[in-house]
Amino acid sequence: MTESSHSSYWKDVRSPRYSLLLALPLLLLYEVLAAALAGPQAGLRNGADVVLQTLIVGAVGPRGTLYVTAAVILLCVAWAIRDARRHGGVRVGWFPVMLLESAALSVVFAVVVSVATAQLLTGLGAALLTAAASQAPAAPAPLDPATALMLSLGAGLYEELLFRVLLVTGIAAGLRALLGMSAMTAGVIACVASAILFSAFHYVGAYGDTFTVESFTFRAIAGLAFSALYLLRGFGITAWTHALYDVGVMVL
């Protein structure tokens, strides 16, 4: 690539024509795996997916999820096509580069977030953390690899949609509109609030994880990192980075 090509890549892949089209295979893979799974864990879905489905069903009825999902897919494809026509099309060769970037970022995030968590918790007493862990409820039964893969893909898609696209954007917009905050201040508060909710979300429900101070802190820092990545690199790369990170942890 030339220097101008590099500049175009870093800027353009944040746009709808790249970000939305990159996320579409993640949705399809997740839905195919969810439909194909059989056995005692059949019907299990990503928690953020369940939250969004519950909201949709409550608003438009039992069959609303199918209609809304189809409408959202069509809207995203139409938005991507419109964006492509306005900006000279799509470079198909950039999609593999975006996946490689996401894979590299998933490794970087694992290291950086782990180091940041360890540094933050350095001052806490080990005895206190051990006591808290010993009093926590037993962890749920481990997932089979296919289910773990499905949930990893769903986490990348739906958790980023819920906690980054909807919550970060919504909280920031609300703070600016209601309190007159600057974009920077509202964005920082929105990212912190979303990260805390993102971390707490992992301990809810029958398949929720066992609570520990370490894991809560780790996920809160990861939430901040994913929020920053979403603002810098867009939804598509953030969703795939999250999904590939979870695949590495839960499946590999």
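Laboratory data are not the source of any read-out in this text; all were calculated from the coordinates shown. Please read these numbers as outputs of a predicted model, since none were measured by experiment. We place every Cβ from the backbone using ideal geometry, glycine too, and count neighbours over all the protein chains shown.
Quick notes on this one:
- Positive minus negative residues near residue 237 (Lys, Arg vs Asp, Glu; Cβ under 14 Å): +2
- Paramagnetic label zone (point 7 Å from Cα along Cα-to-C-beta, residue 51; backbone N under 11 Å) in the range 172-206: 194-204
- Formal net charge of residues neighbouring residue 52 (Cβ-Cβ distance under 14 Å; K, R +1; D, E -1): -2
- Residue 32 versus residue 73: modelled label distance in nm, points set 7 Å from Cα along the beta carbon direction: 1.2
- Length released on extending from residue 179 to residue 146, taking residue separation times 0.36 nm less the Cα-Cα span: 7.3 nm
- When each of the peptides 143-155, 233-245 is scored by the mean number of other C-beta atoms lying within 10 Å of its residues, the order from highest to lowest reads 233-245, 143-155.
- Order of 72, 92, 192 - criterion: other Cβ atoms within 10 Å of each residue's Cβ, fewest first: 92, 72, 192
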